[in-house]
Each structure stands twice: as structure tokens, then as C-alpha cells.
Amino acid sequence: MSEMEKITGSSPEAKSLDITTQNIEQLKQLFPDLFSEGKIDFEALKAVLGEEVDDSEERYNFTWNGKSKARQIAQTPSTGTLRPCKEESVNWDTTENLFIEGDNLEVLKLLQKSYHKKVKMIYIDPPYNTGKDFIYKDNFHDNLQNYLEQTGQIDNEGNKFSTNSEASGRYHSDWLNMIYPRLKLARNLLQDDGVIFISIGEHEIHNLRKLCDEIFGESNFIGQAGRISKKASNQGNYWSPNFDYVLTYCKDIEFCQPFFGGINYNSYKEVDESGARKGEKYQLIRLYMTSLDPMRGCSNQRYYIECPDGSFVIPPGDTFPSTVNDGEKISPQSGKDKVWRWSQQSYLQKKDQIIVKQVRSSNLVDQHGKPAKWNVFTKTYLNDVIEKSTASPNNFIEDHINQKSSHELKALDIPFDFAKPTSLMEFLMETCKVSENDIVLDFFGGSGSTAHAVLKHSKMLGLNIRFIHVQIPELIDQSSDAYKQGFRTIADIGSERIKRVMYQESSNAGFKYFKLRATNIRPWDADFDNLEQMLQQSVKSIKHGRSSEDVLYEIFLKYGYDLTTSVVTEVVNDKTVFVVGAGALIVCLDDEISTATVEGIAKLKFELDPETTQIVFKDEGFADDRVKTNAIQILKQAGIEDVKSI
């Protein structure tokens with residue numbers, strides 16, 4: 001390493017993941033002989049695939065006007081970034097949840113590296129194609145610029161992108177062009193056992209099913225549930241619309257777990273207050289069941305259990321162990337010798353799950369054969385029951401109507417119409433067994449129903465479940481109740497709702513708030529009418545008004561770090577140094593960096609001793625070129641090969 005590689009505004013690392021390049025590289029790994037002068041020889045590819053290639057003109061195909069462009073949009077990298085907004089966040093330093101304000105197409109592109117194959121469940125409630133205002137209209141050449149303009153961040157044009165009316169002549173095509181690239185990108189974020197649920201109305205269910213068959217694969221279609229949305233309706237000239245659909249696909253059917261069919265959560269009222277399962281809910285179940293037949297392979301299920309007062313208990317019978325010790329067993333001699341549910345070995349191994357309680361009436365006997373004052377219970381953990389259940393849920397969903405959402409929002413004093421009830425998302429999380437540290441993504445976040453549901457479900461199960469909420473800052477009608485209460489965008493409503501939920505629940509979950517913006521890194525855009533000014537600016541790699549933390553989180557996205565990765569700020573030779581993930585990434589964006597500062601960073605890396613370390617500086621941040629040259633050698637001697645500048 002003789003020269004420090006620079007990340008410029010136009011370099012590959014200044015953009016989101018280039019999916020086209022990634023696909024080509026994967027193809028090269030599989031079939032290196034198909035490439036000639038860097039290009040793919042399609043005739044050779046067809047020859048390799050043989051009969052699997054169908055190039056006949058009359059083959060089955062699902063297409064529409066604009067499909068090729070929609071595919072290109074999905075593969076075009078974003079030059080945007082996500083700027084941290086600490087003042088709008090809650091518990092920034094500790095939370096693992098994300099609230100992202102921005103066009104979901106660009107946001108999904110930016111999340112490709114950091115959240116590739118990390119999301120357990122996606123739930124989306126995209127705009128139903130009803131011919132009303134349709135706010136997502138993409139620009140193939142520069143969707144980020146389009147987003148900034150249409151949301152009033154560059155001019156005052158407002159944010160209603162288009163009206164997708166049936167009279168447009170492209171009613172279905174416009175909707176498909178909107179949803180296709182978003183689903184294409186979303187699939188990349190799912191874990192191998194991940195699942196996506198899509199709420200959709202009858203106008204596009206047939207097209208969406210075909211589109212998802214193409215994106216996710218027909219074999220990964222795992223159901224199309226009907227959901228009762230309202231109990232009564234006076235709308236419609238023929239059938240009154242009372243239900244919609246939940247279309248469901250998995251990432252890979254080979255890894256997808258069977259769905260969970262539900263449980264009575266009210267039975268699990270106890271909570272572990274300490275130990276390895278602290279915070280988990282459980283219910284108590286008697287260890288002795290009268291229905292157990294002692295003569296059916298239960299020879300090791302009759303033994304003594306010691307009670308807190310030193311006495312011993314055992315199920316009733318005529319035969320008792322010869323000595324009185326905890327776990328002392330004897331084989332039952334007749335049907336009168338009752339047994340425990342657990343074997344002696346299970347009891348001794350899982351004594352931490354045993355609770356012996358004094359009761360008014362016990363069906364056990366003590367070591368003298370007299371009625372006992374104690375009974376023995378086992379802890380049955382809610383999470384274990386969910387994990388082991390084999391019952392499947394019904395594909396007709398009746399208990400999660402929209403009216404429930406109206407009550408929820410009213411209780412929070414949030415004015416918003418047409419939100420889905422949180423009970424629906426909780427039901428879906430339960431169905432696909434969302435568990436500890438899993439991520440739930442909603443990129444049509446709206447009023448925050450999914451994030452709200454994650455907070456409720458996490459509390460109920462005693463688990464840490466994470467959410468990523470993405471919502472475009474769609475402007476609110478000035479005549480609406482929401483506007484009169486001070487809300488200006490749908491994103492404002494979602495953010496405030498989540499805050500109120502956390503306040504009501506006394507939750508410290510929090511969320512990190514990010515906003516979609518153009519890159520922090522200055523590109524080289526020559527303006528020949530103002531060339532002198534441009535040359536003066538060219539020595540500065542970071543745009544005016546952008547902070548070091550803005551740049552830090554852009555580096556997270558480019559290098560593929562989770563946006564909630566821990567960051568510790570160190571001071572090295574009076575310079576601010578960001579230490580990410582216990583030293584996996586070190587970033588210093590200060591000016592006048594000296595050799596002593598570089599040596600201090602090398603020492604810091606040595607103290608932390610991570611397996612590998614990446615380091616990023618600001619290109620013009622070094623005191624002079626000599627320091628910059630020496631920095632490479634100093635860091636190389638410290639075992640750091642990956643050093644870049646912005």
C-alpha cells in the first residue's frame with residue numbers, strides 16, 4: 001500500500017450497492033468462460049444452460065409498459081445518504097430501532113449493504129390502486145433529485161407526484177412500475193428464513209401475485225390470506241367490500257419455518273426476574289398429572305422432591321423409595337403408584353425451572369404418606385411454546401379489523417385515517433415466529449402501526465425485537481385535523497405516535513431518526529462559468545454544512561455497518577476519533593492531523609485488538625503531504641492495510 005485510496009463523490013464507494021455489478025461478479029464466479037473482453041457471451045451462456053433456456057416467442061410471460069425501466073431503476077445505485085437527526089431521535093446512544101424519513105426506493109438502495117440478509121420479517125401496506133392521488137413517481141435518471149424537488153426540499157412544488165387514475169391509460173402499469181423495484185430491493189434484505197407480508201386490495205391482487213412469483217419465485221409463495229377489514233359497509237353497487245388480502249412469500253422455502261397457529265397469551269402472567277431468562281413470560285403447570293399412567297414406560301418418573309421446609313413430596317401410591325433424598329426414585333409397582341410428568345433425569349437437569357409452592361390443598365403426599373402442604377410446578381416459557389408449536393394459523397383473518405386501529409389512534413390522540421391495527425402485525429409476527437434481536441421492516445410506514453406493534457410484541461414476550469420504519473414526508477392537507485394539531489407530514493405523525501407509545505408503555509426502546517439527503521461527499525461537477533470558485537472548493541471533500549457525524553453514517557452505509565452499531569468517541573492528540581464496533585472501523589475527519597495523531601490511532605488499534613480494522617481520514621485533513629505519506633507506512637506497520645480518505 002503506497003498510496004491512500006480516495007473515496008470521491010463519483011467513486012463506487014460513494015454510491016449504494018451496485019446490484020448489476022454484483023450480479024455480474026457472481027456470474028463470473030460460476031461461469032468464468034462466458035466472458036470475453038469483460039462482456040457476457042449470451043450464446044455461450046445459452047449453450048451452458050441447455051434445455052433450461054426458453055427463448056421461444058410464445059412462452060409464458062408477465063409484462064407491462066415500463067417493466068424494463070422499472071428493473072433498471074432497481075439496479076441503479078443511489079448517490080444519496082441518510083443524515084442522523086439526534087434532536088428528533090429517542091435514546092440515540094442505546095436504541096437499535098430506526099426511523100427513516102425519505103423515499104423508500106432510495107432508502108432501500110442505501111440499506112442494501114448494511115442490512116443484506118438481516119431482516120426477519122417485512123410487512124408493507126402499499127397504496128391500494130384506487131385511482132386517487134399516487135405519491136410515488138420515480139425518475140430513472142435521478143430519483144434522489146426528483147425526491148428532493150417533489151418534497152419541497154429544493155423548490156416549492158409540493159409533493160403530490162401524480163394521480164394514478166384509470167383514465168391515464170396506464171392505470172395498472174404505473175402501479176406495477178412503482179412496486180416492482182421496491183420489492184426487488186426488499187427481497188435482498190430478507191434473511192434466508194425471512195418472510196414478507198403485503199396487505200393489498202382487490203384492484204391489484206392478481207397482478208401483485210404474478211409480480212411476486214417473478215421476484216420471489218413461485219416455490220416461495222406460502223399463502224394468500226383474506227382479512228376482514230370491517231364488519232359492515234354500505235359502499236359498492238354489487239358486493240360491499242369488507243375484506244382485503246395478505247399476500248405472503250418467503251425468501252427461501254428450504255429455510256422457512258412452519259407458521260405458528262396462535263396461543264392464549266393471557267395464561268402467561270409470570271415473568272422471570274433474574275437468571276438467563278430474565279424478562280421472559282411463563283406460566284406454572286403442575287408436575288403431577290393424575291392422568292399419567294405409571295405402567296406405560298414411566299419406571300423413572302416416581303421420585304422424591306424436597307420442599308423449602310425440608311420435607312419431601314411425591315405423587316400418591318403404595319410404593320416409596322427406600323431412602324428419603326431429593327431425586328431418590330423407585331419404579332412404580334402398580335397403577336396406584338402415580339408418577340411425575342418429568343423423568344428423574346429431566347428433574348435433576350432442569351431444577352431451575354421447578355417452583356415448589358405452599359398450597360391450601362395438594363394432591364401430593366409427604367415422605368410419611370400423609371397429605372402434603374406443598375405442590376410442585378414447572379415453568380412453561382411462552383417463547384418455548386411458540387418455538388415448538390406445530391399448529392398452523394387459519395388463512396381467513398377475522399379478529400383484526402380496521403376499527404381497532406381507530407380506537408388505538410384515538411387513545412394516543414393521533415389524527416390519522418385508514419391505518420392497519422397493530423394486532424394484525426402482532427399476529428403476523430407471531431405467525432412467522434419473530435424472536436430475539438430479529439428485525440421487522442416496514443417501508444410504507446405511514447402512521448407507525450408496525451413500529452407500534454413491534455414495541456407491544458417485544459414487551460409481551462420480553463424480547464428485544466427491532467424495527468425499521470421508512471416513510472416519505474408526504475405533506476398533510478392544511479384543512480385536516482392533523483395539520484391543525486401541528487403535524488406537517490405523515491412522517492411527523494409516525495414519529496410522534498411512536499414517542500407517545502413509548503411514553504405510555506414507559507418504554508426506553510427509542511429510535512434513531514435519519515433523513516434521506518444528497519451525499520455529504522463533494523462530487524467533481526465542473527462549472528466553467530465559475531471555474532475559479534470550483535477550483536477553490538475542490539480541495540474540500542465534504543460539503544459545506546455537513547458534520548463529521550453526517551459523514552460517519554454515510555461511511556456506515558458504504559462499508560455495510562448496521563446503523564445502530566456502537567460508536568465511541570476518543571480524543572487522540574486533541575483530535576476527535578470515532579471508534580466503531582470496538583475498533584473494526586476508525587474514522588478521523590479533523591483537520592491538521594499530525595504524525596503523532598496517526599501514531600496515536602495506531603496505538604488505539606493495538607489496544608483494542610480487533611481482527612481487522614478499516615480507517616478513514618479526510619483527504620485534506622493531514623497537516624501536509626509528508627504526514628499523509630508517512631501515515632500509510634505507520635498504519636501498515638500496525639497491521640492496518642485498509643486505509644482510505646474522503
Cα-based helix-to-principal-axis angle, 205-216 vs the chain, degrees rounded to 10: 80
Sorted largest first, extent of segment 274-388 alpha carbons per principal axis (Å): 41, 32, 23
Angstrom value of the Kirkwood radius, inverse mean 1/r, which spans all Cα pairs in segment 533-645: 14.4
Pairwise label distance in nanometres, ALA596 with SER267, each label 7 Å out on the Cα-Cβ vector: 6.9
Linear extension gain, GLU641 paired with THR20, 0.36 nm per residue minus alpha-carbon span: 220.8 nm
Where labels lie 7 Å past Cα in the beta-carbon direction, separation of ASP562 and SER506 in nm: 2.8
Computed label-point distance, nm, for sites THR576 and GLN257 using a 7 Å Cα→Cβ extension: 4.2
Lysine-lysine proximity count for segment 533-645, Cα under 17 Å, sequence distance 8 or more or distinct chains: 18
Leading residue at positive end of dipole, the chain (Cβ point charges), from PHE443, TYR304, ILE198: TYR304
12 Å beta-carbon shell around SER343, net charge (K/R +1, D/E -1): +4
Whichever lysines have a C-alpha closer than 23 Å to that of LYS278, once near sequence neighbours (fewer than 8 apart) are set aside: LYS269, LYS350, LYS351, LYS357, LYS379, LYS388, LYS433, LYS456, LYS459
Nearest-ten-degree value, helix 595-608 long axis tilted from longest Cα axis of the chain: 20
Set of segment 277-311 residues, backbone N closer than 12 Å to the point 7 Å along the Cα-Cβ line of GLU387: 277
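Given Cβ point charges of +1 (Lys, Arg) and -1 (Asp, Glu) and nothing else, what value in debye, to the nearest 20, does the dipole of the chain about its Cα centre take?
Values: 76 positive and 95 negative charges, 570 e Å.
Using Cβ point charges on Lys, Arg, Asp and Glu, the chain gives about 2740 debye.
Would you mind giving the average projected area, over all directions, of the Cα convex hull of the chain in nm² with one decimal? If you can, show how the numbers build up before the last one.
Numbers: hull surface 165.9 nm².
The Cα convex hull of the chain, projected and averaged over all directions, gives 41.5 nm².
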Relative contact order of the chain, pairs being alpha-carbon contacts under 8 Å that are 6 or more residues apart, as %: 19
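Just so you know, all these numbers are worked out from the coordinates, no wet-lab data involved. Just so it is clear, the structure is predicted and the values come from calculations on it, not from any experiment. Backbone-built Cβ (ideal geometry, glycine too); neighbour counts: all protein chains shown.
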